[in-house]
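Take a look at the structure set out below.
What follows is calculated from the coordinates using simple rules that are stated; it is not laboratory data. Bear in mind the structure is a predicted one, so any value in this text is a computation, not a measurement. Note: ideal-geometry Cβ built from the backbone for every residue, glycine included; neighbour counts use all protein chains shown.
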């Protein structure tokens, strides 16, 4: 049962991250995911201090809003101060992360968050925290929260597919249709932030990036259709979760590290395959 | 109280404090110097990726040697840092994956492998692995004499190489294509630069940790870049900024021992960066905002005076009074623009108020003629020389009329032979008081 809980939680988180991450990869914003996942740390610490608990919804949203703030700040440095985009990202997220680390070490006795957890989370502890109603155990809390998030993301993709699609591939055309690129940008960023905050405990700040970027990039090497890319991404995410659990068991290492290794292996295979496969000759249209 | 502890700090009576302070200062300098080139090459985040990618190399070196030999760990770090750079370039060059994604892939997968190995080492209880934890968050406070010595050596090496290769690095950073075309060994130079970067990161990471290492590379350059345009000044300034924040970071953790040094260095750096990006003359946000506002006001004034001129031109009488609604009928001004613009024109004595109406002053008429003339000769130029159709030229002239300087105007007029009429058959007004040359 424990194995199933861990793999299921990992798979659900990987699917959520992958679905959103596909759009980050296509929009050339992969490092924005990296930045957000680091920068939410102070938000999480402050949320802890105020609420004293891990997962109540308003606090999750509060912490996620720090992620959105990060994208606003990056945009400000990039557009208003004319700093290079990569430097804007680097300056902003390291600052917020540093503030987060200072808060963690200052409130060490009040915040139930150690530094290791910040970096690589502990999905192995997921089965220890079960939801109990009456005498019945309803499975791990983390799994419920992650599933709720996945449903939100699926609803978002279902309802917003067209808007996301057009603003991703042809923002100018979107503008001429009256579809707001700014709206879809911030909608996506809000969900990425929320996902990062929710995944944080299970997989940690940096491995969230792996789940956001690696499965979508792998899928991207196999297909050039958005819909099949999304399906493949979910598939690779689920394989990474299951495979990661077993190699972690085998080598006695961390599960989130194992998930990253499997996703890295899948990417390596896809990359080597794309090297071997001859490029199709360009055809006249 | 703070002052007293600052004095105590400055006395450096505690040898440990002395060590940590000098170590962080040297670290700040060397990472700022290599960071400057990465910053200019728009590869700031590659530094972040290298910092994360060092972890598996360190873990593997530890597993193989079974000890915490610092030189072996450094060697492992160098090798895996190097592989990561190579892989980022390989993925970007050989597949349809873009640079940002390949950086994120290498960064997160290498780090994941590192974490996996680190947890294996921890679980196997392989002796004292506390040294490896330092690679994650850094432990500036536990800096030892040999670490400081390493910083000094690496720092000196970096500075020597930078001075020796300064011209080549400069060219490589600003114009790699030209560098290659002019026969510079670009691949070799890139190799040297990358090696220096990996070296600085591998050495520094034990003090500030994986994530914050990126800040030491990027942020000093962001500060320095907003104050100067010259590469040599920029590097010196960045090094200075790195040193200052290293110094004050050490002071904070001296005054409050519970405070981690690395994050405080980064916070101090970031505050310096925010101040520079907002207030630096020329490039700062305030300076930009002021320039834009000045420009907007000028454009508004010129458009308004042009409206006065057009009204006068239609009435064939420039001394008549003009009302707000006349102006609005001529051009789509908002009421705020109108009140703002009219106030500005009045203050410059370009228009003369009379109740709720205004008329052009002599100077105003001259100014109106100037703007309209620029508009019309530019339209002339577009049709005559650029062969554009008459119905396509107006929007372009609307923008350019605010930009043309007297020198360009003179050249255009000579080029076109002082035309009388514009392409729409309107008269081009000349300033009669100024002699033609």
| query | Any idea how far apart residue B:42 and residue B:11 come out in nm if each label point goes 7 Å out from Cα toward Cβ? | reply | 5.3 nm
| field | Hypothetical label at residue A:246: residues of the range A:8-25 whose amide nitrogen lies under 17 Å (7 Å Cα-Cβ projection) | value | A:8-11
| task | Within a 10 angstrom radius of each residue's Cβ in B:48-61, how many Cβ atoms of other chains show up on average? Whole number is fine. | result | 1
| message | Between the range B:64-86 and the range B:146-195, how far is it from one alpha carbon centroid to the other, in angstrom? | response | 22 Å
| task | Identify the residues of the range B:362-405 with backbone N under 11 Å of a label point that sits 7 angstrom from the Cα of residue A:176 along the Cα-to-Cβ direction, or state none. | result | none
| query | Can you work out the FRET efficiency for the pair residue B:94 and residue B:386, with r the C-beta to C-beta distance and R0 = 60 Å, to the nearest 0.05? | reply | 0.85
| request: Pull out the extension gain between residue A:49 and residue A:187, defined as 0.36 nm times the separation in residues minus the alpha carbon to alpha carbon distance; nm, one decimal. | output: 47.0 nm
| remark: Expected max-MSF residue from B:307, B:222, B:255 in the GNM of chain B (alpha carbon, under 10 Å) is B:307
| request: For the range B:387-435 and the range A:208-259, write down the distance between their C-alpha centroids in whole Å. | output: 63 Å
| said: What distance in nm lies between label points placed 7 Å from Cα along the C-beta direction at residue B:296 and residue B:398? | reply: 1.7 nm
| field | Tilt relative to chain B, helix B:99-123 - C-alpha long axis, 0 to 90 degrees, to 10 | value | 20 degrees
| query | Using the beta-carbon distance between residue B:144 and residue B:288 and R0 = 51 Å, what value does 1/(1 + (r/R0)^6) give for FRET efficiency, to the nearest 0.05? | reply | 0.65
| request: Arrange the following residues from fewest to most other Cβ atoms within 10 Å of their Cβ: B:381, A:245. | output: B:381, A:245
| Helix-only mean residue ellipticity at 222 nm for chain B, each DSSP H run of n ≥ 4 adding -39500 (n - 2.57), per residue, nearest 500 | -25000 deg cm²/dmol
| said: Given a Förster distance of 56 Å, report the FRET efficiency between residue B:334 and residue B:156 from their Cβ-Cβ distance, rounded to the nearest 0.05. | reply: 0.35
| Gaussian network model of chain B, springs between alpha carbon atoms under 10 Å - residue of B:284, B:76, B:312 with greatest fluctuation | B:312
| query | Just from its helices, what would the mean residue ellipticity at 222 nm be for chain A, if runs of 4 or more DSSP H residues each count -39500 (n - 2.57) and the sum is divided by every residue, rounded to the nearest 500 deg cm²/dmol? | reply | -27500 deg cm²/dmol
| task | May I ask you to list the residues of the range B:288-307 whose amide nitrogen lies under 18 Å from a point 7 Å from Cα along the Cα→beta-carbon direction of residue B:352? | result | B:305
| request: Over the Cα atoms of the range B:287-360, compute the convex hull volume and normalise it per residue, giving Å³. | output: 80 Å³
| request: Work out the mean other chain Cβ neighbour count within 10 Å for the residues of B:209-221 and drop it here as an integer. | output: 5
| note | For the range B:12-280, one quarter of the surface area of the C-alpha convex hull, expressed in nm², comes to 14.9 nm²
| note | If each part is reduced to its alpha-carbon centroid, the range B:91-123 and the range B:282-345 end up apart, in Å, by 57 Å
| message | Please state the shape class of chain A: rounded when a/c is under 1.5, otherwise prolate if a/b exceeds b/c and oblate if not, all from the C-alpha gyration tensor. | response | oblate
| task | Determine the shielding of peptide B:266-278 by partner chains: average, over its residues, the number of Cβ atoms on other chains within 10 angstrom of each Cβ. | result | 4
| For the range B:12-280, what is the relative contact order in percent, using Cα pairs closer than 8 Å and at least 6 residues apart in sequence? | 34 percent
| For B:305, B:60, B:311, B:205, what ranking results if the residue with the fewest other Cβ atoms within 10 Å of its Cβ goes first? | B:60, B:311, B:305, B:205
| Counting other C-beta atoms within 10 Å, which of B:407, B:14 has the fewest, and how do the rest follow? | B:407, B:14
| task | Rounded to the nearest 10 degrees, what's the angle between the helix B:15-40 long axis and the longest principal axis of chain B, both from Cα atoms, 0 to 90? | result | 50 degrees
| request: Could you check which residue among B:229, B:396, B:69 shows the biggest mean-square fluctuation in a GNM of chain B with a 10 Å Cα cutoff? | output: B:396
| field | Largest to smallest principal axis extent of the C-alpha atoms in the range B:170-276, angstrom | value | 54, 29, 17
| For the protein assembly as shown, what is Rg from Cα atoms divided by 2.2 N^0.38 Å, rounded to two decimals? | 1.14
| field | Degrees separating the helix B:335-347 axis from the principal Cα axis of chain B, which is the longest one | value | 80 degrees
| Gyration tensor verdict on the range A:114-224 (Cα atoms; rounded if a/c is under 1.5, prolate if a/b is larger than b/c, oblate otherwise) | prolate
